[in-house]
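J.: I am attaching a structure below and will ask some questions about it afterwards.
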Amino acid sequence: MNNSPIGIFDSGVGGLTVARAIRDQLPRESLLYIGDTLHSPYGPKSIADVRRYGLEVLDTLVDQGVKMLVIACNTASAALLRDARERYDVPVVEVIRPAVRTAIATSRSGRIGVIGTSGTIGSGAYQDMLGINPGVEVFTAACPRFVDFVEQGITDSPELLAVAADYLAPLKDAQVDTLVLGCTHYPFLKGAISYIMGPGVTLVSSDSETAKDVYRELVSGALLAGTDAVPRHTYEATAADSTHFIALANRLLGAEVRDVRLIRTGQIDLRAIADLRASDS
């Protein structure tokens, strides 16, 4: 048994969907979440920059003693997964493969759509994993403004619906029957996306499927927390404006954030890290 925390990393608040799914499936596990809000969004950035920022944050998680790393960011998963698995001695779980697996099992026609940041779509990661399966046609669309809406806490505005209609029009025209939400921010916009795509399209997000992979890794590696473990959920952000992150964490995760502590790390040149402790709910 291992009571060390699971380390979860995202470019911002989107990975909270993955953290919530892990918390729901593994209620005894402690979580340590870092949102790299100083450099968010990752989507428009170069692969080299995403790799550098991501590995610096993962280094910080490992230095804090996590027993597993979860890359809860599609752009980062595409950019640095291989580097992360070679660099660290703890298991590394990412979010792309679980979503691909579910999409293939879900689609009836084999016409699968993928939406994500410009970086994720441009990497070809989803296209490569989906396209090797016989009978599968892949249609993609970059939706960069979706991250901005979520980071601002906007999930139901007329402007959002208009932007969604524009982004998703090519996928509707392609008559996809399954749509992969290839960014961990996007599940917060399921209502708008489902409204535009219509009831005949199944939305696939990676949060719950990633949590299942985390479960499998913990069991196979004998890393589950003990039955008497008292879980501690810690949320950190790399930007100095912790107030914004706290407000979004409360709204999107549904947990009460009680404590904020601004610190610096030694290895990463970050201005501040907000240590946000959420009460167990």
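The values are calculated or read from the model by the stated rules, or taken from the named source; none is laboratory data. Just so it is clear, the model here is predicted, and its values are computed rather than measured. For neighbour counting, all protein chains shown are included, and Cβ atoms are generated from backbone atoms with ideal geometry for every residue, glycine included.
J.: Just checking, how many residues over the stretch 101-129 are among the aliphatic types (A, V, I, L, M) and part of a helix (DSSP H, G or I)?
T.: 6
J.: On the given criteria, is Gly65 within 27 Å of Gln152 (Cβ to Cβ) and not assigned by TED's automatic domain parsing to the domain that holds Val201?
T.: Taking the combined requirement at face value, the residue does not satisfy it.
J.: If you take the residues of the stretch 37-52 that are in contact with a helix residue (DSSP H, G or I) (Cβ under 7 Å, 6 or more places away or on another chain) and not in a loop (DSSP other than H, G, I, E, B), which of them is farthest from Cys143 (Cα to Cα)?
T.: Among residues in the stretch 37-52 that are in contact with a helix residue (DSSP H, G or I) (Cβ under 7 Å, 6 or more places away or on another chain) and not in a loop (DSSP other than H, G, I, E, B), the one farthest from Cys143 (Cα to Cα) is Arg51.
J.: Within the stretch 130-153, can you find the residues that are of a type in the set (A, V, I, L, M) and surrounded by 15 or more Cβ atoms within 10 Å (Cβ to Cβ)?
T.: The answer is Leu130, Val136, Val138, Ala141, Ala142, Val147, Val150.
J.: Follow-up question, since we're still on this one. Among the residues of the stretch 157-180, is any closer than 20 Å to Leu81 by Cβ, touching a residue at least 24 places away in the same chain (Cβ under 8 Å) and hydrophobic (A, V, I, L, M, F, W, C)? It would help to see each step written out before you state the result.
T.: Here is the first cut: in the stretch 157-180, the ones closer than 20 Å to Leu81 by Cβ are 180.
Imposing the further condition that a residue be touching a residue at least 24 places away in the same chain (Cβ under 8 Å) reduces the set to 180.
Narrowing the set further to residues that are hydrophobic (A, V, I, L, M, F, W, C) leaves 180.
Yes: one or more hits.
J.: Any chance the stretch 85-93 includes a residue that's under 22 Å from Thr17 (Cβ atoms) and assigned to a helix (DSSP H, G or I)?
T.: No, the stretch 85-93 has no match at all.
J.: Which members of the stretch 101-126 meet the condition of being among the aliphatic types (A, V, I, L, M) and either crowded, with 16+ Cβ neighbours inside 10 Å or under 21 Å from Phe188 (Cβ atoms) (or both)?
T.: Ala103, Ile104, Ile112, Val114, Ile115, Ile121, Ala125
J.: Could I ask something else about it? Which residues, taken from the stretch 131-152, are modelled with pLDDT of 90 or more, of a type outside the set (A, V, I, L, M) and not in a helix (DSSP H, G or I)?
T.: Across the stretch 131-152, the qualifying residues are Asn133, Pro134, Gly135, Glu137, Phe139, Thr140, Cys143, Pro144.
J.: Among what's in the stretch 158-191 and is assigned to a loop (DSSP other than H, G, I, E, B) and either at pLDDT below 95 or assigned by TED's automatic domain parsing to the domain that holds His244 (or both), pick the residue that is nearest to Val114 (Cα to Cα).
T.: My answer is Cys183.
J.: Residues in the stretch 79-98 that are closer than 19 Å to Ala125 by Cα and either of a type in the set (S, T, N, Q) or in contact with a strand residue (DSSP E or B) (Cβ under 9 Å, 6 or more places away or on another chain) (or both): how many?
T.: 9
J.: Turning to a different aspect of this structure: Residues Ser46, Ser30: which one is touching a Pro at 6+ places or on another chain (Cβ under 8 Å) and among the polar types (S, T, N, Q)?
T.: Ser30
J.: Restricting attention to the stretch 192-205, report how many residues are over 26 Å from Ile71 (Cα atoms) and assigned to a helix (DSSP H, G or I). Can you show your working first?
T.: Step one: list which residues in the stretch 192-205 are over 26 Å from Ile71 (Cα atoms), which gives 195-201.
Now restrict to residues that are assigned to a helix (DSSP H, G or I): 195-197.
Within the stretch 192-205, residues that are over 26 Å from Ile71 (Cα atoms) and assigned to a helix (DSSP H, G or I) number 3.
J.: Output yes when any residue across the stretch 77-85 is closer than 18 Å to Asp207 by Cβ and crowded, with 24+ Cβ neighbours inside 10 Å, and no when none is.
T.: yes
J.: Give all pairs with beta carbons closer than 8 Å in which a residue from the stretch 206-227 that is in contact (Cβ under 8 Å) with a residue 12 or more places away in the chain meets a residue that is surrounded by fewer than 16 Cβ atoms within 10 Å (Cβ to Cβ) and not in a loop (DSSP other than H, G, I, E, B); count only pairs at least 6 apart in sequence or on separate chains.
T.: Ser208/Gln25; Ala211/Asp24; Ala211/Gln25; Lys212/Gln25; Val214/Gln25; Tyr215/Gln25
J.: If you check Val62 against the conditions, is it aliphatic (A, V, I, L, M) and within 18 Å of the chain's Cα centre (by Cα)? Write out each step before concluding.
T.: On the way: aliphatic (A, V, I, L, M): yes; within 18 Å of the chain's Cα centre (by Cα): no.
So Val62 does not fit the description; no.
J.: What's the number of the condition Pro98 fails, among (1) buried (at least 17 other Cβ atoms within 10 Å of the Cβ); (2) in a helix (DSSP H, G or I); (3) over 15 Å from the mean Cα position of the chain (by Cα)?
T.: Looking at each condition in turn, Pro98 falls short on (3).
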